[in-house]
Structure formats: C-alpha cells, structure tokens
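The structure appears below as structure tokens.
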2 protein chains.
Amino acid sequence: MKRVTLKDVALEAGVSINTASRALNNKPEISPETKEKVLKVAQSLGYRPNRLARALRSNKTGTIGVIVGDIANPYFSMLVRGIERTARQFDYSVILQGTDEDYDREEEAIEIALAEQVDGILITPTQKGTDTIEELVASGTPFVLMSRYFKELDTDYVVMDDRRGGFLATEHLIQRGHRRIAILNGPLHISSAIERYEGYLQAFKRYGLDPDKALVAEGCLTVEDGYRAALCLLDGPERPTAVFAFSDFVAFGVLRAANELDLRVPDDLAVVGFDDTLFGVCMRPPLTTVGGSPEGLGEQAARLLFDRVDRGQTDPVKLRLPVRLVQRKST
Amino acid sequence: MKRVTLKDVALEAGVSINTASRALNNKPEISPETKEKVLKVAQSLGYRPNRLARALRSNKTGTIGVIVGDIANPYFSMLVRGIERTARQFDYSVILQGTDEDYDREEEAIEIALAEQVDGILITPTQKGTDTIEELVASGTPFVLMSRYFKELDTDYVVMDDRRGGFLATEHLIQRGHRRIAILNGPLHISSAIERYEGYLQAFKRYGLDPDKALVAEGCLTVEDGYRAALCLLDGPERPTAVFAFSDFVAFGVLRAANELDLRVPDDLAVVGFDDTLFGVCMRPPLTTVGGSPEGLGEQAARLLFDRVDRGQTDPVKLRLPVRLVQRKST
DNA sequence: CTATAATCTGACAACGTTAACGGGAAGGTT
DNA sequence: AACCTTCCCGTTAACGTTGTCAGATTATAG
C-alpha cells in the first residue's frame, strides 16, 4: 500500500522528476508527446500528488480555517454549509472550529489555524476583545470577518444589514399595534446586537414612541438563553406584548417559554426572529423573521477571502448584505 | 513577517538544528541546560513548528476528515460539534465536508480527504453503494462509520440502536391507542432506516396488529421531504392518526404540514421524531422523540478513531448506543 | 592513568514536491 | 560556418522538519 510518488511516475515514464512535475502541473515548457506519456503513466499508476510536500514547497496549503461561535446553532450551520460548498468549488478544504463564543477559545482557534498554515481564515469573532483579531492582522494571513465587525478595525468583513433588520422587525411590530416590545438581544459587545438595537430604537423614534428600558434584555445567544430570558420577562405583571429576538435560535427559546406559560402566539405575544433559518417555518405559529441568507453570506465571505488569497492586499472590502422582513404567523 | 524556523532558533541559541528539535520535542537525549536555553529562545522568538514539514517527515498530519450528509441538518451539526470538541482534546484538526447525501459527492469527498492525507476519517456513508467505503478500506486510512453501517462490510462503526428506537416509538404510539401509524422513513439503503422500520414492524407484531403498507413512505431526509410526504399522506381520506418520522428534521416538516392543514397535534395527529435535537422542545407541541445523543455519538466515534490511529489495526469495534423515548406533548 | 561506558551533540540524509538555472539539440539567420 | 533563438529537459537546491549515525565530551571503573 505504498504511496505512488512523482519519482515513481518519472521512472516509469523514463523522464526526470521535474519533467513529470511539469506535465502534471500544466507548465508550458514541455512537449505535448512527453506530457501525454507522463499523464498516461500517472493515470495508470494512480498517482496522487502529495499535498503536504506541495504545500511545504509552495507555501500554499489549499485549506482555510473557519471559526464560528457555535456549530450547533442553525445560523452557523448554514453559514458553514455555504462556505464549504464554495470552498469546494475553489478547490479549498475547510478546517472547522467552534469557539462556543469563548474568547480564550477563539484565541486558541486562531493559533491552531495559523499553525495549520491555512491560506486564509473566515471567522465570526466573539468580539470580547480585539487582541485575537489584531494577532490575526499581525500574522499576515488573509481573513474575513463574518456576521460581525469591529468599528475600530479596518478589516474585510461581510455582515448583514443589522440596523435595518432591527428597524424592520420593530417597525413591523409597531405597525401591528404593539407598544410594549421587548428585545432579547445578544451580548452588546457584538456588533450585530448593537446595530439591531439601534434599529429597534430608531423605529421607536420614527413612530414617536418611547421604548421601555425594562424590556431590554441582552446576552442571549442560545435557545436556552432565550427561554430563560423570556420566562423571566413574561413572568412580571407588566409583560410585553411582543418580543424581538436576536436570532431565530433565541426566538425558538421564546416560543418554548410561551408554550409553557400557555401564552398564545401571536395573540398574547408576538415574536419576531432573525436570520430566517430552516425551522422558522415549522414552528407553530410559523415564525416571522428577518431574512438574510446565511448560506449566501458564507458564500460571499468565502469568495472574498479567496480573492484576497489570490490577489493579495487591497483596500478592505466591507459588505453589508440586504435583509428583508419575512412575515409569517407569529406576529 | 517572516516565519521563525527551527534554524533561527538553533542559530540564536548557538546549537544545531537537531538539538533545537530535540529540546522542543521532549526527547531524552539532551541536557537540561541546553534544553532550557533552547526553549527560552524559542519562546522569545515566538517559534511555532511548521506542521507541514513535520507532517511530511513523520507521515502524520494531525488532521481527520469528517464527512457528513448535510451540514445544516441539526443532527449532523451536533454530531460535528461532538467530534470537533473531542478532536481538539486530542490535538487533531477537523476537515469538514458535506455530501448532501450524494454518492458521487461522497466519492469525491473521500478522495479529497485522502489527498489531504488525513490521519483518519469519520463518515456517515450515503450507503448508495459500497465502492466508496471499499476504496477507503483499500487506502489503509483508519476510518469509522457513524450513524450507519454496512452489514456486509466488517468495519468499525458507531450507530444508535435504531431497531430498538423504532420499536420504542411505535410501541409508544400503539399504547396510546393509535392503529393507523404512518412511518415517514429515510431511504431504505440506509441502515438506520431499515432498522427503524424493523423496529416499527416488530412493535406491530408484538401487539398483534397489522401495519398498513399504504402508510409507509420512504426517502425522507429533510424538512422539505417530511413536509411533502406528510402533505401527501394526510391529504387522503384514510389518513393516519400518528406519524413516526425518520428524524426530528423530518418531523419538523410533518409539524409544518399539520399546521397548514389545521390538524391539531396530538389530537388529530400524533408525531414522534428521532434524535432528540435541540429544537424538539421548542415545537408546539413539544416533540416526542427517540433520544440518543448525537454529540455523544460524535465523541465516541472520534475516540474510537483516535484509538485506531494510535494503536493500529485490531478487530473492528462495533458500537450500538442506547436510545430512550423522550416523551413530550406531541403524542 | 587508561579503558569503557554514558551522555550529549552535530552532520547528514530524507520526506515529496517545486523553482531556478543551465545545457543540448534543432532550426533559423547572417 | 558561426551565431543566436527557441524549445525541451535534467541537475541541483531548496521548503522545515525528524531520524540515523557517528563523533565528542565527560564520568566511571578498573
């Protein structure tokens, strides 16, 4: 079960190793006949180039590091799906890591990715600090931030239009007559949480209303977080009539809480999610949400990264993908 | 931004490259003083070993290939999550690929993984054929099948106790008084689908009942599949009173269909899923399901693989993880 | 004080590939 | 015929690491 190397091919074809290499790499300095001969031999011997050796020599591994907050979160799953599909098209492999939104883990993940000598990195930063990303900058490895960005750092990123999304969701609820609109937001060090909150406030302002600080919760990232926060928020006497959740993932937790508290959605409580993941439509009632396309975002980020890897440094590209309200039955 | 190599460290420390290597790899043949000196220099220079070179030399890449049916399916997401977490503990990196349950894509994925010279492979085979897996056997690269296995192939695998799961789900429905129990099964070339079906039949037999062939659908893998199949099945005059779905993913589609047809769950239609993914509890009503632990399965498979990688070939290990009925409100 | 063992270290080769360089042959031009 | 080009091809040297071996130094024993 020994591996077939270039040497074997060269020997068999009666040429030098280098010529064999040239034939297989479509280099111009080779006659058509020898090229064909080498290719035939390579084919018959079942030659597969050793990517390690190639990578060592050429300083290109053909892999990218993908670092996301939580692999089990459907938003990230779809993101990764889009990335993986795109990476395959470009002949790159994906090395996946999850951070569980932990800063130390993020640092470790970046170090591992750099140690693997990936050609580029796609990351949804935890945003609990900038050191990790600055390390990334210092490393010289191309990278693209996904879904979140740093105002203070001049890097490539692909995010959704979170402010507009927050506005659309809130406006929609206001137009439906809601006034006590809670927001179960993500942690406020995350840009998307900040901007969605800004959109939320903006909608209130636009309609001449005052938001109630007591209805603002932050730090929700998971189903569990959403569930707990909702239980807490819905327990009080002055409970909200509507909830804008940071993500579908969080909204699912809210729906669970509503279920358990026997609140009818949307009559007793309206709910809006974010991301338009696969399951919103399966909820009862189907979840109104703000849609971007996570897969599309992954694809765009990957394309941007590959462009960076090939073409080298240019001015940072900052993409803000459009969102729209996907109205279903939960509002 | 040039990379620090062993040579640099050696030069700075005034020793040979080899000695530096020994110091950093905890080899015994080195004096404590020089070792400390080298380590200090390495630290101060920020030396990071080049994994490519190491891999090339030692034939160990420290990576494993993970190939699953669909990255966006929460079952697989959780599986991958468990794998990634475990791999990190063992200092392995994960190269992820999705096949979308396509056989050609599976073949390609395996070839890519082998080309990347991964130390091992974790795969949920599409089971549309055995060529791909036989290629894997021939390659000599250790691998472990996850969630599905081939009766005719003597390989390592980690699966759930699908037959028992199918039995438990069906028995539960029978005990609740259901007789017209549909099964929205996965494709019958998949072992888990076959065995769940066997469990389904077994339960009918045990209770002296006859299943209705008209209530058996197969080929459902996604939310969409479940939705369509359910619409079709629930449209007829003699519709089932209960549905056993191949997975939570499929069950979500069923719930969606029930929603749209205005069927009350569980009164008009009882639904049981499989896998106990994160969202079952958020459904309305909360989904009764058969629980294994996808993350746990991933972890076990990874551990088994690493054991294989380290210790080499032994008798195939075949694990069948226990399942239990997680009863909620959908039945 | 010598022989021998034990300990540490460095030179060298190798892993499989690609890049740089140079040389030989063929053909065309003066 | 001498020269230059052009086109192929092979030799050599890397990439950064680890394993093998032999040599050097010191310690130990006789």
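Overview of results
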quantity: Burial ranking of peptide ranges A:133-146, A:282-295 (average Cβ count within 10 Å, highest at the top); calculated: A:282-295, A:133-146
quantity: Per-pair calculated FRET efficiency, R0 = 22 Å: A:Lys27 and A:Arg48 via Cβ, rounded to 0.05; calculated: 0.70
quantity: Rounded tilt (10° steps) of B:223-235 against the dominant C-alpha axis of chain B; calculated: 10 degrees
quantity: Mean residue ellipticity (222 nm) of chain B, computed from DSSP H runs ≥ 4 via -39,500 (n - 2.57), nearest 500; calculated: -14000 deg cm²/dmol
quantity: Rounded Å value of the spacing that divides the Cα centres of region B:208-225 and region B:231-251; calculated: 7 Å
quantity: Nearest-first distances (nm) between copies at A:Pro49, label 7 Å from Cα via Cβ; calculated: 2.7
quantity: Amide H contacts of A:Val159 (H built 1.01 Å from N, under 5 Å, at least 5 apart or other chain); calculated: A:Ser147, A:Leu319, A:Arg320, A:Leu321
quantity: Residues whose placed amide H lies under 5 Å from that of B:Val290, excluding near-sequence neighbours; calculated: B:Gly273, B:Phe274, B:Asp275, B:Asp276, B:Val326
quantity: For q = 0.12, 0.20, 0.22 Å⁻¹, Debye-computed log10 I/I(0) when each Cα of region B:162-291 counts as one equal scatterer; calculated: -0.36, -1.10, -1.37
quantity: For B:65-75, mean number of other protein chain Cβ atoms within 10 Å; calculated: 4
quantity: ³J(HN,Hα), Karplus 6.51/-1.76/1.60, whole Hz, each residue of region B:73-82, x for Gly, Pro; calculated: 6, x, 4, 5, 4, 5, 4, 4, 4, x
quantity: Carbon + sulfur, % of accessible area of chain A - ligands and nucleic acids excluded, 1.4 Å; calculated: 48 percent
quantity: Beta bridges per DSSP with both ends in region A:2-135, % antiparallel, nearest 5; calculated: 0 percent
quantity: Per residue value of the accessible surface for region B:6-75 (all protein chains in place, 1.4 Å probe), Å²; calculated: 55 Å²
quantity: In Hz, Karplus ³J(HN,Hα) per residue of region B:136-146 (6.51, -1.76, 1.60; θ = phi - 60°; x = Gly, Pro); calculated: 5, 4, 4, 5, x, 6, x, 8, 9, 7, 10
quantity: Cβ-based charge dipole, chain B, positive-most Cα from B:Ala302, B:Phe279, B:Ile190; calculated: B:Ala302
quantity: When each of B:Lys151/B:Lys318; A:Lys60/B:Lys2; A:Lys40/A:Lys60; A:Lys40/B:Lys60; B:Lys128/B:Lys151 is checked by Cα-Cα distance, pairs over 19 Å; calculated: A:Lys40/A:Lys60; A:Lys40/B:Lys60
quantity: Cα-based shape type of the protein assembly as shown, given that a ≥ b ≥ c are square roots of the gyration tensor eigenvalues and the cut on a/c is 1.5; calculated: oblate
quantity: Cα centroid separation, region A:27-42 to region B:100-126 (Å); calculated: 29 Å
quantity: Per-residue average of Cβ from other chains inside 10 Å of B:134-142; calculated: 1
quantity: Mean separation of Cα contacts under 8 Å, 6 or more apart, over the residue count of chain B: relative contact order %; calculated: 17 percent
quantity: 1.4 Å probe accessible area per residue over region A:162-291, in Å²; calculated: 37 Å²
quantity: Amide proton proximity set for B:Leu269, modelled H, under 5 Å, gap of 5+; calculated: B:Arg264
quantity: Global form of region B:24-146, assessed from the alpha-carbon gyration tensor, a/c cut-off 1.5; calculated: prolate
quantity: Kirkwood hydrodynamic radius (C-alpha pairs) into Stokes-Einstein, region A:243-331, 20 °C and 1.002 mPa s, D in µm²/s; calculated: 147 µm²/s
quantity: Peptides ranked, highest mean first, by Cβ atoms within 10 Å: ranges B:310-319, B:179-188; calculated: B:179-188, B:310-319
quantity: Label point distance in nm, B:Phe150-A:Asp104, each placed 7 Å from Cα along Cα→Cβ; calculated: 4.4 nm
quantity: Phi to ³J(HN,Hα) by Karplus 6.51 cos²θ - 1.76 cosθ + 1.60 over region A:242-255, Hz, x for Gly, Pro; calculated: 8, 10, 9, 9, 4, 7, 4, 3, 5, 4, 4, x, 5, 4
quantity: Relative contact order (%) - criterion: Cα under 8 Å, at least six apart; region: region B:162-291; calculated: 25 percent
quantity: Whole-number percent relative contact order across region A:1-58, with pairs defined as alpha carbons under 8 Å at least 6 apart; calculated: 37 percent
quantity: Tensor-based shape of chain A (alpha-carbon gyration tensor, a/c under 1.5 rounded, otherwise prolate or oblate); calculated: prolate
quantity: Within-14-Å neighbourhood charge of A:Ala42 [Cβ basis; K, R +1; D, E -1]; calculated: +4
quantity: Shortest-first distances to equivalent copies, position B:Asp262, nm, label 7 Å out along Cβ; calculated: 2.5
quantity: Angle between chain B longest axis and helix B:162-175 axis [Cα atoms, degrees, rounded to 10]; calculated: 30 degrees
quantity: Nm distances between copies for A:Tyr103, ranked from closest, using label points 7 Å along Cα→Cβ; calculated: 5.2
quantity: Minimum 20 Å² accessible area buried by the other protein chains, region A:282-323 residues, probe 1.4 Å, relative to alone; calculated: A:Cys282, A:Met283, A:Arg284
quantity: Fully extended contour minus Cα-Cα distance, from A:Lys2 to A:Arg311, at 0.36 nm per residue; calculated: 107.5 nm
quantity: Helix A:294-311 axis, angle to chain A major axis (alpha carbon atoms, nearest 10°); calculated: 40 degrees
quantity: Histogram of C-alpha separations across region B:6-49, 5 Å bin width, %; calculated: 5, 29, 41, 20, 4
quantity: Residue among B:Ser93, B:Tyr75, B:Tyr200 farthest towards the positive dipole end of chain B, charges placed on Cβ; calculated: B:Ser93
quantity: Summed buried accessible area for A+B [probe radius 1.4 Å, Å², rounded to 100]; calculated: 4800 Å²
quantity: Of all DSSP beta bridges in the protein assembly as shown, antiparallel share, percent nearest 5; calculated: 10 percent
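The values are calculated or read from the model by the stated rules, or taken from the named source; none is laboratory data. Every value quoted in this text rests on a predicted model; they were computed, and no experiment measured them. No Cβ is skipped: glycine too gets one built from the backbone with ideal geometry, and neighbour counts run over all protein chains shown. Only protein heavy atoms, including side chains, enter the accessible area calculation; ligands, DNA and RNA are left aside. Shrake-Rupley method; radii C 1.70, N 1.55, O 1.52, S 1.80 Å.
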